Amino acid sequence: MIAARGMIEEITAALGANGLILRGGIAFAASEEAPHGPSGAPARSVLLVGQAGAAPWPYFQRWREQQPQTIANPLDSWSRQVIGAVAQTFGARAVSPSDKPYQPFQQWGMQAEGLKPSPLGILMHPQYGLWHAYRGALLFEDDLSLEAVEPAIHLCDSCVDKPCLKACPVDAYSAQGFAYRSCLAHVRGAGGEPCRSGGCLDRNACPYGADFRYPPEVQVFHMAAFAGL
């Protein structure tokens, strides 16, 4: 347990050098079908890597300036490089949310941090609100003796007005789910300039985690990546 705690502290420091943070972890049950670790054997533990607010943005931008402008999915590429280096140092296998076969990052996050989804589908964090993300995970073949996490306060439960469901011009989010095609058509269309220049209006309408809200340039980047602009 002491050795694992020391390693986790070292991993935290290594990730922090690029603005990333550990977002908790879980141990896989013996009966659970877990993804494989670095040697190909089933993993026994996973640590989630992510961000709070836009902390990684300056590090990513400096890296991006040194890359070909035509590089596809630069944020994914940067995340893989940074998290992959940490995985190699500490004997883990790195996986990304965009890797196939897709890993259940949202379920892992709910278990590791005790979170629940917001009406927008993004997990609501009691401190960061909707302004956080998972960038990857570290899979270990050792049991890291991770402690169980209590459910976090779910801010959406006490939010009566639900402004996150009222700002979108095309009502992309509803009880029926996310209307992906309607959202995409609007963002790409003549009326989508507010979304292209300011980010998702529904997400920005949420009052929680305002101190961690992504700056405009970060929201523009993510919206352009989503819409293929």
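At a glance:
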| item | result |
| --- | --- |
| Matching option when the condition is modelled with pLDDT of 95 or more, assigned to a loop (DSSP other than H, G, I, E, B), closer than 26 Å to Leu229 by Cα and out of contact with any His (no Cβ under 8 Å at 6 or more places or on another chain), among Ala54, Ala133 | Ala54 |
| Residue satisfying condition, being in the same structural domain as Arg80 (by TED's automatic domain parsing), without any contact (Cβ under 8 Å) to a residue 12 or more places away in the chain and of a type in the set (A, V, I, L, M), within set Ala148, Ala137, Ala112 | Ala148 |
| Verdict on Trp78 being without any contact (Cβ under 8 Å) to a residue 40 or more places away in the chain and not assigned by TED's automatic domain parsing to the domain that holds Ala205 | yes |
| Which listed residue, of Asp143, Asp171, is of a type in the set (Asp, Glu) and closer than 30 Å to Gly6 by Cα | Asp143 |
| Set Arg213, Arg188, Arg181: member being buried (at least 16 other Cβ atoms within 10 Å of the Cβ) and basic (Lys, Arg) | Arg213 |
| Qualifying residue in the stretch 166-176 (condition: outside any helix (DSSP H, G or I), among the basic types (Lys, Arg), touching a residue at least 60 places away in the same chain (Cβ under 8 Å) and over 30 Å from Thr89 (Cα atoms)) | no |
| Criterion: in contact with a Pro (Cβ under 7 Å, 6 or more places away or on another chain), hydrophobic (A, V, I, L, M, F, W, C) and not assigned by TED's automatic domain parsing to the domain that holds Glu33 - qualifying residue of Cys200, Cys164 | Cys164 |
| Count of residues meeting criterion [outside any strand (DSSP E or B) and surrounded by 20 or more Cβ atoms within 10 Å (Cβ to Cβ)] in the stretch 12-33 | 3 |
| Condition met for Ala72 (modelled with pLDDT under 95 and under 29 Å from Leu130 (Cα atoms)) | yes |
| Scope the stretch 178-229; condition closer than 23 Å to Ser158 by Cβ, touching a residue at least 60 places away in the same chain (Cβ under 8 Å) and assigned to a helix (DSSP H, G or I); matching residues | Asp202, Arg203, Ala210, Asp211, Phe212 |
| Residue within the stretch 44-51 that is in a loop (DSSP other than H, G, I, E, B) and outside the structural domain of Ala210 (by TED's automatic domain parsing) present | yes |
| Selected residue [under 20 Å from Ile21 (Cβ atoms), under 17 Å from the mean Cα position of the chain (by Cα) and loosely packed, with under 12 Cβ neighbours inside 10 Å] from Gln103, Gln81, Gln107 | Gln107 |
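For every residue, the table says whether it meets (1) in contact with a Pro (Cβ under 7 Å, 6 or more places away or on another chain); (2) hydrophobic (A, V, I, L, M, F, W, C).
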| position | (1), (2) |
| --- | --- |
| Arg5 | no, no |
| Ile11 | no, yes |
| Gly16 | no, no |
| Ile21 | no, yes |
| Val46 | no, yes |
| Ala54 | yes, yes |
| Trp57 | no, yes |
| Arg62 | no, no |
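The values are calculated or read from the model by the stated rules, or taken from the named source; none is laboratory data. Given the structure is predicted, the values throughout are model-derived calculations rather than measurements. A quick note on method: Cβ atoms are made from the backbone with ideal geometry, for glycine too, and the neighbour counts reach across all protein chains shown.
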